[in-house]
Each structure stands twice: as C-alpha cells, then as structure tokens.
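I have placed the structure first, in the form of structure tokens, so that the comments after it can refer back to it.
The values are calculated or read from the model by the stated rules, or taken from the named source; none is laboratory data. All figures in this text were calculated on a predicted structure; none of them were measured in a lab. Cβ placement follows ideal geometry from the backbone for every residue including glycine, while neighbour counts extend to all protein chains displayed.
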Amino acid sequence: MGLQGKKIILGITGGIAAYKMNYLVRDFIKAGAEVRVVMTQSATDFVSPLTLSTLSKNKVYTDFYDDQKTWNNHVELALWADLILMAPCTANTLAKMAYGLCDNFLMAVYMSAKCPVIIAPAMDLDMYMHPAVSKNLKTLEEYGHGIIPAEFGELASGLVGQGRLAELETIFGAVENQLGENRLDFLGKKFLITAGPTYENIDPVRFIGNHSSGKMGFDLAREAARRGAEVILISGPSSQKAEDKNITLHRVTSAQEMYEEVFKFYDKVDIAIMSAAVADYTPKVKAAEKIKKDESELSIELIKNKDILRTMGEQKTHQFLVGFALETQNEAENAKEKLKKKNLDMIVLNSLRDAGAGFANATNKVTIFTQTEEHSFALKSKEEVARDILDFIARKL
Ligand SMILES: Cc1cc2nc3c(=O)[nH]c(=O)nc-3n(C[C@H](O)[C@H](O)[C@H](O)COP(=O)(O)O)c2cc1C
C-alpha cells in the first residue's frame, strides 16, 4: 500500500491513450490512494466518466458546474491534492499549461494547485517532434514539473515512433517516487543541516540562549535521511535525538563552535539547510568564575558573532544553500532581503505572528522564497513541513 492516504488528481485530456487511465486509477486505488479524476470535454470522447467514477469511487469533474447549479470549487480541489498527474497530456493542454491559458476546469485546477505536478504527454510522433511541443515541455520542466517522456512504439495512427504514452508502470513509479513513503529521491546526495539554539556563555553557570527546540532541523535531517541522503547534522543544545544510520550528529554549544563545525563539512555537501537559531551576539568576556551578585546592576558587553550563513553564501560553489528566517515584522520583505544579501538559493520564512509557528511548537507555518518564486504552506506538523521543504528542494534540483 505504497500510496496509502495520498491524494491524487488525475487530469485526463483528449488523446487516444485516455482509455488506459481506467487501469491506472484502479492501480492507484489498490495502492491506497484517494483519486479524483478531472477530464477535459475532449477526453470524455475517449473514455467514459462513468467508468472512471466507478473505479475511483468518486465523482468525475468535467466542468465548473454540475447542471449549471452547483459550483465545483476548483481552488478547494486543487489545494486538496498531494499531486496532480496529467495523463495522457495532449499537445493542446501542454501549450495551455506552459502559457497559463485557463479556459476549462482542468486548467483552473492545475493553475490553483500548490502541489507537485507530473505530466505524461502522448501524441503522434510528428506532433511530439514539433518545436512548439519541445519548447512547452522545456518550459514546464522549468516550472518544476516532472515530465515522463513519451516512449517509442506503435502509435494509434499506425505510425511507429516516439509519442506513445509511457508504460503505466513507469507512470505509477514516478507517482510513487514523488509521494510514496519508500521514495529515495535524495539517494547519493549529501546534506549539511544545522538545528537548535546556541548558548553563549556569560560565566561557567549562565548563558544567553533562545527558545529553539531543534525539532525543525532534526525533522529535516530525518526526512532527508529517510529519502536516501547522507546527512551531517550539527546541533546546538537540544533534547532531540537522531537515530538514523544516515545521520551523523555533531553537537556544539556556541555560535563560534557551530561556525567551525559547519566549515569542516560545507565544501563536501550538495545541499545545506541552516535551520539553527544562531546567536548574533556573544559576551565579550566570559567570566572564568561565577559572577557574584554583589552589584545592584550588571552590564554585559556583547560582540557580534561571525555570520555563518553569509560566509556560506560568499563561499558557495556548487551547493544549494537554504536559509531560515524567523521574523516578527515586515516578514516577507526581510526574508527576501536576506535571500539576496546572503546569496541563498532559497529561504524558509516562519513568522512568530502566526499561531502555532516557530519555536518550541510541534507545528509550523512557512513560506518559501526563491529569487523567482513564493509559496505559502498551511499550518502543519513539523514532520510535514520538513517534507514540503524537501519536496521543494527536490523540484529545484
Ligand atoms: C481520434 C483522435 C485522437 C487524438 N489523439 C491525440 C493525442 O494522442 N494527443 C494529442 O495531443 N492530441 C490528440 N488529438 C487531438 C486532441 O483531441 C485535440 O487537440 C483536443 O483539442 C485536445 O483537447 P484537450 O487538450 O482539452 O483535451 C486526437 C484527436 C482525435 C480526434
């Protein structure tokens, strides 16, 4: 049951291979997925909505309204999905997707979605070879969508060439790889992840720290390791544990120690996610003995710590560098500014103004920014947020 509970929208368009979707729907259901089928008008000429409705155990959507009375909420449907699969995808729908032409229900669902999209095109060989199709596929790949190329073989026209819908096992495998619990999409990749707070000693007893629990960073490390990555996890003081054999845990205390540990490994990794809440300042003098409470006032002079993330941005060669921003005001502007200033590839913003987000909660609500994109996610458990972040990175890579 590799797709247990996964929510899949299957978008079927008007190609001869549409009939094969009956079998694919059956396989998804057998694997434990929930499937909602959306068809273009043209697709309904090729395969029966009644059959697909029976097999998917759900109604099939073909338009914005049922009997001109009830609106099929395309936004709600799009946000429900964990994945949209467009199969078979016609040359016509590919073009609409590439250019954002929203003239039917399927396109409205596709354009409202925030989940991963996989496209399996199918058409006659000359259509498939047309430069417009190649260009549109390239554009869709740049949008971060997964493309399952059409295969060589006998086509419905009687011609032989590339254009045949990929085998159903290949399509199923791509969906499973994207959604399944057993996917290993980071196999062979090395991650450096930081987690937790740092403690800046004032004297042997006291320190300046923050409320970070380390859970977000540990969840990221666990998720990356589960998906096949080798993870170096550098954590400040945290009660979290990392028991995965793919995770090597290095515990540090201060920002300076974290700095030194990070740069032991930075040049050897493919992806670096800096989720630790590192202290910006540290006491200039760390008293050797416990400070006595003789005075009515005590001043501690602080000096700036080295900026780990900025240095990583400056020294970046091949790494995909991800920063975190925890803001309390002008959140989006500050996060985007940090992305640019520190030469990051991606930044994950959490706002302390959102209930349930940030430090010491089991949940988080994040927005991800790249130079060109912005994606806001709902309030979720930190495990799910870790999955969203890694899905986003996987698409970017
Ligand atoms: C018998 C027949 C088979 C077709 N097969 C394909 C096909 O495999 N791929 C394709 O891109 N278009 C195919 N077309 C053309 C599409 O149906 C047509 O471009 C239609 O407008 C697609 O609409 P849709 O993208 O909204 O589903 C076929 C048309 C007919 C009549």
Among the candidates LEU10, LEU3, which residue alone is crowded, with 19+ Cβ neighbours inside 10 Å, in a loop (DSSP other than H, G, I, E, B) and in contact with a helix residue (DSSP H, G or I) (Cβ under 7 Å, 6 or more places away or on another chain)? LEU3
Can you name every residue in the range 125-160 that is on the phi < 0 side of the Ramachandran plot and in a strand (DSSP E or B)? GLY146, ILE147, GLU151, PHE152, GLU154, VAL160
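Matching residues to (1) farther than 26 Å from SER134 by Cα; (2) touching a Cys at 6+ places or on another chain (Cβ under 9 Å); (3) in the same structural domain as ASP27 (by TED's automatic domain parsing):
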| residue | (1), (2), (3) |
| --- | --- |
| PHE46 | no, no, yes |
| ASP66 | yes, no, yes |
| LEU79 | yes, yes, yes |
| LEU83 | no, yes, yes |
| ASN104 | no, no, yes |
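Please verify whether the range 65-84 includes one or more residues that are within 14 Å of the ligand (Cβ to nearest atom) and within 30 Å of SER157 (Cα to Cα).
no
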Go through (1) within 30 Å of ALA378 (Cα to Cα); (2) free of Cβ contacts under 8 Å to residues at least 40 places away in the same chain; (3) assigned to a loop (DSSP other than H, G, I, E, B) and name the single condition ASP185 misses. (2)
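Any idea which of ASN201, ASN136 is surrounded by 15 or more Cβ atoms within 10 Å (Cβ to Cβ), modelled with pLDDT of 95 or more and in the same structural domain as GLU327 (by TED's automatic domain parsing)? It would help to see each step written out before you state the result.
Values: ASN136 fails: in the same structural domain as GLU327 (by TED's automatic domain parsing).
Of ASN201, ASN136, the one residue that is surrounded by 15 or more Cβ atoms within 10 Å (Cβ to Cβ), modelled with pLDDT of 95 or more and in the same structural domain as GLU327 (by TED's automatic domain parsing) is ASN201.
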From the options LEU179, LEU249, LEU168, LEU233, residue that is within 18 Å of the chain's Cα centre (by Cα) and not basic (Lys, Arg): LEU179
Somewhere in the range 143-161, is a residue at pLDDT 95 or above and among the polar types (S, T, N, Q)? no
Could you list all residues from the range 215-230 that are surrounded by fewer than 24 Cβ atoms within 10 Å (Cβ to Cβ) and without any contact (Cβ under 8 Å) to a residue 60 or more places away in the chain? ALA225, ARG226, GLY228, GLU230
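For the range 89-124, which residues satisfy the criterion of being assigned to a helix (DSSP H, G or I), more than 12 Å from the ligand (Cβ to nearest atom) and out of contact with any strand residue (DSSP E or B) (no Cβ under 7 Å at 6 or more places or on another chain)? Let's see the steps before the verdict.
Of the range 89-124, the ones assigned to a helix (DSSP H, G or I) are 91-99, 105-112.
In the following step, the residues that additionally are more than 12 Å from the ligand (Cβ to nearest atom) were identified as 98-99, 108-109, 111-112.
Those that are assigned to a helix (DSSP H, G or I), more than 12 Å from the ligand (Cβ to nearest atom) and out of contact with any strand residue (DSSP E or B) (no Cβ under 7 Å at 6 or more places or on another chain): ALA98, TYR99, ALA108, MET111, SER112.
Residues that are free of Cβ contacts under 8 Å to residues at least 40 places away in the same chain and either surrounded by 16 or more Cβ atoms within 10 Å (Cβ to Cβ) or outside the structural domain of PHE369 (by TED's automatic domain parsing) (or both), at least 3 per element: which strands (runs of 3 or more DSSP E) completely within the range 250-354 meet that? Before you say what the answer is, go through the steps one by one.
Working: elements: 271-274, 281-283, 302-304, 320-327, 346-351.
It comes to 346-351.
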Tally time: how many residues in the range 64-88 are of a type in the set (Asp, Glu) and either touching a strand residue (DSSP E or B) at 6+ places or on another chain (Cβ under 8 Å) or surrounded by 17 or more Cβ atoms within 10 Å (Cβ to Cβ) (or both)? 1
Quick one: how many residues across the range 21-58 are within 11 Å of the ligand (Cβ to nearest atom), surrounded by fewer than 22 Cβ atoms within 10 Å (Cβ to Cβ) and of a type outside the set (A, V, I, L, M, F, W, C)? 4
Is it fair to say VAL175 is more than 16 Å from the ligand (Cβ to nearest atom) and surrounded by fewer than 16 Cβ atoms within 10 Å (Cβ to Cβ)? no
